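Reading through the structure tokens given below for one structure.
The values are calculated or read from the model by the stated rules, or taken from the named source; none is laboratory data. Everything numeric here is computed off the predicted structure, so don't read it as measured data. With ideal geometry, Cβ positions are generated from the backbone for all residues, glycine too; neighbour counts draw on all protein chains shown. We work out accessible area using only protein heavy atoms, side chains counted, and drop any ligands, DNA or RNA first. Shrake-Rupley method; radii C 1.70, N 1.55, O 1.52, S 1.80 Å.
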Amino acid sequence: MEEISLSEHYDLQKLWNGGFVDLEKSWLYNLKTLRLEDCDNLSCAMPSNIFLGLKSLKELEVRHCDNVGLIFGNLKNDNKAVRSQLKNLTLEGLSELKHVWGKNYQGKLMFKNLLHVSVIDCEGLKTLFPAAVAKNIKKLETLKIESCENLLDIVGKEVYVGVAADDAEKFVFPCLTSLHLNDLPKLICFYCEIFTVECPELHKLVVLDCPRLELFQITRLESEDDSTSISRQPLFPNFQVISFLEILSVDWIHSSVLRSSLQLTKDLNLLKTIRMFFDVDDDEKPILNFDILNKAPNLRDLSIEWCKSLEIFHTPNLKISEQLKIFTLDRVSELKFIWSEDSSWLNIVLTFSYLKELYIEECHGLEYLFASSVAKVLMHLEKITVKECESIKHIVEMEQDGTTSPGVKLEWLYSITLDSLSSLECFYSGNDTLQLPSLTLVNIQQCPKMDIFSRGTINAKSFRGIHNSVEQNDELIFHHDLNVSVKVVFLLQMLSEGMDGTEFSKHPELCEAWLDGLCTQNNWFYSLRTLKLVNCDIKPYAIPSNILPCLNSLKDLEVRNCNKVEVIFAKNDTDEILFQLNTLTLEDLSELTLVWEKNFQGILQFQNLKQVSVCGCKSIQTLFPAVLAENLKMLDNLEVKSCDELLEIVGKEDLATGLEKKFSFPHLTSLYLYNLPEFTYFYPEIFTVACPKLNYLSVLDCPKFELFHGAHAEGEAESNCTSTNRQPLIPNLDAILILEELCLDWKHISALMLGQQAEDLKFVKKSYLYFDFAKNEEPTLPQEIFKKLPSLQDLRIGWINNLMIFLTKNTNSGENEILLTKKKKKKKKRKNRILGQLKILTLDTVTELQYINLEDSWLNTVIEKLHDLNVTNCPDLKNLFHSPCAVSFSCMKELHISECHGLRYLFTCSIAKVLTSLEKITVEESQSITEIVAKEQDGTTSQEAMGVCSYRL
């Protein structure tokens, strides 16, 4: 084995904590990559006895191990020196890490092969390398240290330095090419004694948010003490020692001290990329060090970040290399435009005249990039990218002085990317000609107000299309008129985000397509993945036959509040279309009668449906045609609610054979049926249904539907229950044995006590039982129901008058005898283990409940281990517990009360004394409550009770 992650092997974690193994004979001997992640049992990532055996280890990663305080354990005194093969060391998210190498590291374990070291988010670390290690990692190529808030130095002072106090410690990294230091607020120095550092091959230097580190030598005034403080010795005394630098990223504090150093430095001929950060307080006014720009004749890429404005560029001496090709502005907060024709900016504009690529991101004050007259100066511009600038309205602004412009020409501009620009209206705001002869590709995403590219004529003879999707392989949207292409992108975005009827009517292109007219641009819809139609005046089809073939990439379809839609999918004569539709949502469609038009030839192409939700469609009578229902093998979630006239889920075929239909939904996990007053059957003929993965079942307010055997329609005799059209959906509980959550009303609850031979629903952990019945009815709650739910942990009881349903009559006697009397309580408690796992009880809309009193209820015997009690929408509730009952809730940890407007207080002090485990109380939207714990009726308080209550909360 060459690679292993310790977090996946708990037994190995035990080995790391002191177990013995002969590593030379173990498969660990050849291990090359080891990852320790989320191993909270480790205090030392690599104990010496383990590390010595990992002879082949080349890569070590330690991440998010909360108790690791040391990476490499110390060798014993009798151990010989060992050379490690380790090349890559990554440490991340180690909050308790104090040392990478042991505090008294003696140098016996040598790391001469280390190439790459990365240390991120180790807040307890104060130093990284012992000096003995730092002096011997000659092969080190990259060093990255980031977000270590207590790091003081990179190399720690040795106990025995071995040199005179005036001698400098010399650190040489002949192979180091990249040094990255970021967000190290306490870092003072590289080494806390006198030292020199040599990095002859350093090509990339990043030093950001290290305010106490002196990176370069500061030139001091003659009046100042010019002696170098040991603790403030700069990492690099001058720029000459890193003359091979190619990439430099620094904040303004470090760049500002470069001026004197650069005066004596030759041109930095290799420096090609500079990133400068100006993240300062409001009262500070940073300046741009132009010397470094003037000293970099081959500078190609300049980035200005975290800056207020471009006032830093205002200088008569600015001279930037003609080699500068890429310019980036990132988070320049107060910038309103980049360049204008104003004389104060003229020199700056000319400086950037050779620019080829322009990148702008998160400049939220920006209103436009540049005026049209500036465009003629930027004659070499090839690429423009603008992202996340919330105020920008135009990219190129027309002249505001009233002069007539001959037009705008960007000769070599071939690529434009506009992304997440919430206010952008167009690329060019002028009415004259926009010439873009080289433009080939435009990328537009999340620009909701951009419905046109330019208000005038556009010459873009090389244009190939617009890309408007995160999927790189999607087809381009193309029309020979660039303005039309942008219009299409605008419409597609509106359709994806939800186009209401008002917006829909404003666009004749859409109206023409939806009215089955000749629409040559229906291929616009090929890349559409989400389509939302809201309040649209379209009829009779939501998706007409000419639109349907173009939706082969559509995955999500929502149709809401379209009151004239009668059919969702119009009949299409071809079955060659392969639809990707996964989610179908239909809501409040008052005239909808069919989802698929009858005799739909290509209906089997919808077999990828995973989630179907139909709500408030009062005229629909059937949902799926039988031929489709037989092939919905991917269906995962089905929700049907508030459809007044729905009779069936699956419709009868025109030519029914009378043979049994077999419906199999191998991936269906959730079935939710609610408020379907006419819903009578799943399928009107003989059928079977298999849902082997169903774990959520909710059937409420479906009075005519037979879910289980024995749940008859209102007024029906029991003898009629076996007719074909009254076949139950679930003939026995064996069909739903892996169910985890069950939600039923009392009609279906009563059917659960039948079929005594069926297996228990032993995986059900949550159950909602509702008793919304007429006032003259008296439902019961037989204990037999809960015998079938042995693992129930969360029980919700709702829509009842009171808790009398728990005073269940004895089913073994003809007399109306209460099951649990005070005399029988102890005996029954020993015998009955019903609801033994119950942890959460919710009482929802118990209309006449004044206080909870389960003293004479069998439920009183099973709530002793209850952790959470929730009471909601009980208008007559005056206080929570009847005093003797409170003892049963002594283990309760959390109490949640909401919408109990008659509640004046929760409980008295004496009851609080009983609730010794209570840790959390939440009371919401209860208008009459004046106190949580009230005095006793005689006016006394119990200090002991109050002490217990406040101690736990």
Inset, instruction - Examine the stretch 547-561 for a residue that is open to solvent by less than 20 Å² (accessible area, probe 1.4 Å), part of a strand (DSSP E or B) and aliphatic (A, V, I, L, M), and state whether such a residue exists. - result: yes
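Conditions (1) modelled with pLDDT of 80 or more; (2) within 28 Å of ASP876 (Cα to Cα), marked per residue:
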{"residue": "LEU769", "(1), (2)": "yes, yes"}
{"residue": "ALA774", "(1), (2)": "no, yes"}
{"residue": "PRO790", "(1), (2)": "yes, no"}
{"residue": "GLY814", "(1), (2)": "no, no"}
{"residue": "ILE818", "(1), (2)": "no, yes"}
{"residue": "ARG830", "(1), (2)": "no, no"}
{"residue": "ILE834", "(1), (2)": "no, no"}
Legend entry - Residue ID - farthest from the chain's Cα centre (by Cα), chosen from residues in the stretch 170-192 that are at pLDDT below 95 and outside any loop (DSSP other than H, G, I, E, B): LYS170
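Checking the structure you have, find out if any residue of the stretch 385-405 is modelled with pLDDT under 85, under 19 Å from PHE453 (Cα atoms), open to solvent by 10 Å² or more (accessible area, probe 1.4 Å) and in contact with a strand residue (DSSP E or B) (Cβ under 8 Å, 6 or more places away or on another chain). If you could, list the steps in order and put the result at the bottom.
If we filter the stretch 385-405 for residues that are modelled with pLDDT under 85, which is where we start, we get 399-405.
Going one step further and asking which of them are under 19 Å from PHE453 (Cα atoms), we end up with 399, 405.
Pick out the ones that are also open to solvent by 10 Å² or more (accessible area, probe 1.4 Å) and you get 399, 405.
Narrowing further to those that are in contact with a strand residue (DSSP E or B) (Cβ under 8 Å, 6 or more places away or on another chain): 399.
Checking the stretch 385-405: at least one residue is modelled with pLDDT under 85, under 19 Å from PHE453 (Cα atoms), open to solvent by 10 Å² or more (accessible area, probe 1.4 Å) and in contact with a strand residue (DSSP E or B) (Cβ under 8 Å, 6 or more places away or on another chain).
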Legend entry - Residue satisfying condition, being assigned to a loop (DSSP other than H, G, I, E, B) and open to solvent by 40 Å² or more (accessible area, probe 1.4 Å), within set SER462, SER469: SER462
Inset, instruction - Can you confirm whether the stretch 370-379 contains a residue that is at pLDDT 90 or above and either assigned to a loop (DSSP other than H, G, I, E, B) or within 27 Å of the chain's Cα centre (by Cα) (or both)? - result: no
Legend entry - Qualifying residue in the stretch 598-612 (condition: within 19 Å of ASP701 (Cα to Cα), open to solvent by less than 30 Å² (accessible area, probe 1.4 Å) and not aliphatic (A, V, I, L, M)): no
Legend entry - Of all residues in the stretch 193-204 being touching a helix residue (DSSP H, G or I) at 6+ places or on another chain (Cβ under 8 Å) and either assigned to a loop (DSSP other than H, G, I, E, B) or touching a residue at least 60 places away in the same chain (Cβ under 8 Å) (or both), the one that is surrounded by the most Cβ atoms within 10 Å (Cβ to Cβ): CYS199
Legend entry - the stretch 35-52 - residue that is in contact with a helix residue (DSSP H, G or I) (Cβ under 7 Å, 6 or more places away or on another chain) and surrounded by 18 or more Cβ atoms within 10 Å (Cβ to Cβ) and, of those, farthest from PHE72 (Cα to Cα): CYS39
Legend entry - Test for VAL119: is it crowded, with 22+ Cβ neighbours inside 10 Å, modelled with pLDDT of 95 or more and among the aliphatic types (A, V, I, L, M): yes
Inset, instruction - Just need a number here: residues in the stretch 750-764 that are modelled with pLDDT of 80 or more and either buried (at least 20 other Cβ atoms within 10 Å of the Cβ) or over 23 Å from LEU838 (Cα atoms) (or both). - result: 2
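Residue under question is GLU96, and the condition is that it be in the same structural domain as GLU37 (by the TED database) and of a type outside the set (S, T, N, Q); does it hold? Spell out how you get there, then give the answer.
On the way: in the same structural domain as GLU37 (by the TED database): yes; of a type outside the set (S, T, N, Q): yes.
Criteria met by GLU96.
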Inset, instruction - Identify, by number, the condition in (1) modelled with pLDDT of 90 or more; (2) under 18 Å from PRO625 (Cβ atoms) that CYS702 doesn't meet. - result: (2)
Inset, instruction - Output yes when any residue across the stretch 662-671 is at pLDDT 95 or above, open to solvent by less than 70 Å² (accessible area, probe 1.4 Å) and within 22 Å of ILE620 (Cα to Cα), and no when none is. - result: yes
Inset, instruction - Select from the stretch 341-352 the residues that are open to solvent by 20 Å² or more (accessible area, probe 1.4 Å) and in a loop (DSSP other than H, G, I, E, B) and write down the one among them that is modelled with the highest pLDDT. - result: GLU341
Legend entry - For SER420: the one exception among (1) among the small types (Gly, Ala, Ser); (2) buried (at least 17 other Cβ atoms within 10 Å of the Cβ); (3) on the phi > 0 side of the Ramachandran plot: (2)
